[in-house]
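What follows is one structure encoded as structure tokens, with my remarks underneath.
Nothing in this text is a laboratory measurement; each read-out follows from the coordinates by a stated rule. Every value quoted in this text rests on a predicted model; they were computed, and no experiment measured them. Here the Cβ positions follow ideal geometry from the backbone for every residue, glycine too, while neighbour counts run over all protein chains shown.
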């Protein structure tokens, strides 16, 4: 027998929309690795699909890759490759169901069958099954608890990476739905329909686990190309003299290498178009046709090499911006901050690409303004598509800025009015902010920025990066997350204690070396440790800070409140205080040199 016979088994490969994918049952075998997607990957996955979504009937298909399966027991398919996308898509279905239920909307019967249904076992008996089941040990049935609609996720012991990541992914998707479709159940149903009927993948089915693993190895070794990029490459070759083919080939490879290292090439091309041409609406599957229809303004037919060089320059800048750097690769604290705010965020890159010609000092100021506005958009749950369109509309104006006066005028005309429109929603969002309703990394960013702001106001050192306020720093729940019976009994509203624990006003930033010593201690016991913190906003909880007279420190801490005891009223009062500080931190409304 030929030694390669074991690899000549049949392979079936078919395109499936997600609604067809979720007509079958899948199990992630116990030999698989854990669920490794963190919030950044989940957010990017959902946002990418949403950015391709259109509310018209002619929405195009969106391809999300491939999965590898093989037959398992009792008609269940073993999922060998694709766990991250399949689990995340399944969590999306659960989140849609739960949001509709929370809003007292009418259930989607089809959705219920896509989450769970019955099939028959080998004896012909009906067996109730979930469409996706995780069989590896460290999942601890957390996915089943989400599917069942458990209200106790916050009480699950987060003792494995998979459990933590799956719960975080579910809450992130719930937050996304709240942001984009809070009370718009019709809009959510429409997006759900797009998700199921227009998002597709390739399902590769083999006859055995061994063969499936071989296919998986091959796919991940060779990678998958991007057709639209290949088409654009061909377009460049069509307009290049044969003697320049080698030069074009080398430059194109360099361009793709730059992008594939850190970014989706098609997203870069889309944002490059927004940044350089007067376009505010364009889907990824329209990029190639846009280039073919706009040669006259792009100039690639006359100077294809120069056009690729411009793309290369923009790609270098783009990847620097993602890494938190200026175009010259020097650090940019505001772009680093945006990474802390949302590692998957890319919309601001439209205006950064448009402003890449600016001197570094003006570029940093543009970055500062964008960080502040971007946070306002995020915390008020402004639909992503809306502020992306704003950035695309403003890009031509940014390209024309040549000096400080021009930048000031751009801010006055565009950024300040946008922030004023968000002002009331911004304040309401902070006044109602809860730790269990926002991603942990985002809450760390918020507290880190406020802590940084107070220290900078006091000490005058504006060069301390936010990184120094986040690395090896903990979010401290002043009223402990797991209060003892004594703490519960002593709290003035013991029946509501778990609600107050999650409030923004109950949080502060604390060095982890201190935090390890005070978990579950009473407030009076914690005050001794708060006084040791380098952070004025934390230290002020326990002691009145003053240096005498009207010093920088006195001015910086004049609005900070010291508390003798920690009650429901204390938490609510501190939430108001933090909200007021936040308005200054992110210039809501603008109070800096632009005169507002």
message = Modelling each spin label as a point 7 Å along the Cα-to-Cβ direction, I'd like the residue 112/residue 471 distance in nm, to one decimal.
response = 5.3 nm
key: Value in Å of the Kirkwood radius, where region 227-431 supplies the Cα pairs that are averaged   = 17.9 Å
request  = Find the centroid of the Cα atoms in region 359-407 and in region 72-104, then give the distance between the two in whole Å.
outcome  = 37 Å
request  = Find the relative contact order for region 435-536 and round it to a whole percent, using C-alpha pairs within less than 8 Å whose residues are 6+ positions apart.
outcome  = 33 percent
key: Sum of -39500 (n - 2.57) over DSSP H runs of 4+, divided by residues of the chain (222 nm, nearest 500)   = -16500 deg cm²/dmol
query = residue 437 to residue 280: FRET efficiency via 1/(1 + (r/R0)^6), r the Cβ-Cβ distance, R0 35 Å, to the nearest 0.05?
reply = 0.65
task = Determine, from the Cβ-Cβ distance of residue 127 and residue 400 and an R0 of 56 Å, the FRET efficiency 1/(1 + (r/R0)^6), rounded to the nearest 0.05.
result = 0.30
remark   = Pseudo-spin-label distance residue 489 to residue 135, built 7 Å along Cα→Cβ, given in nm, is 5.0 nm
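Quick one: length gained pulling residue 573 to residue 243 fully straight, 0.36 nm per residue minus the C-alpha distance?
Length gained, residue 573 through residue 243: 111.5 nm.
D for region 435-585, whole µm²/s, Stokes-Einstein with Kirkwood Rh over alpha-carbon pairs at 10 °C and 1.306 mPa s: what number?
101 µm²/s
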ask   = Tell me, what is the percent relative contact order of the chain, built from C-alpha pairs under 8 Å that lie six or more residues apart?
value = 13 percent
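Expected output is a single nm value to one decimal: the length gained when fully extending between residue 20 and residue 63, i.e. 0.36 nm times separation in residues minus the C-alpha distance. What is it?
Full extension from residue 20 to residue 63 adds 14.1 nm.
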message = If I take every Cα pair under 8 Å that is 6 or more residues apart in region 227-431, average their sequence separation and divide by the length, what percent do I get for the relative contact order?
response = 22 percent
query = How much length, in nm to one decimal, is gained on full extension between residue 289 and residue 209, taken as 0.36 nm per residue of separation minus their Cα-Cα distance?
reply = 24.6 nm
query = Rounded if a/c is under 1.5, else prolate if a/b beats b/c, else oblate: with a ≥ b ≥ c from the C-alpha gyration tensor eigenvalues square-rooted, which is region 440-514?
reply = prolate
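Return 405, 263, 207 ranked ascending by Cβ neighbour count within 10 Å, so the fewest neighbours appear first.
Details: 405 9, 263 17, 207 13.
Ordered by Cβ neighbours within 10 Å, fewest first: 405, 207, 263.
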query = Over what distance in Å are the Cα centres of region 447-506 and region 267-295 separated?
reply = 44 Å
inquiry  = As a test, work out the antiparallel percent of DSSP beta bridges whose residues both lie in the chain, rounded to the nearest 5.
reply    = 65 percent
ask   = What is region 334-466 by shape, rounded, prolate or oblate, if you read a ≥ b ≥ c off the alpha carbon gyration tensor as root eigenvalues and call it rounded for a/c under 1.5, prolate for a/b larger than b/c, and oblate otherwise?
value = oblate
key: Sites residue 190 and residue 499, calculated FRET efficiency, Cβ-Cβ separation with R0 45 Å, nearest 0.05   = 0.85
message = Tell me the Rg and the Dmax, in Å, that the Cα atoms of region 261-311 produce.
response = 11.0, 31
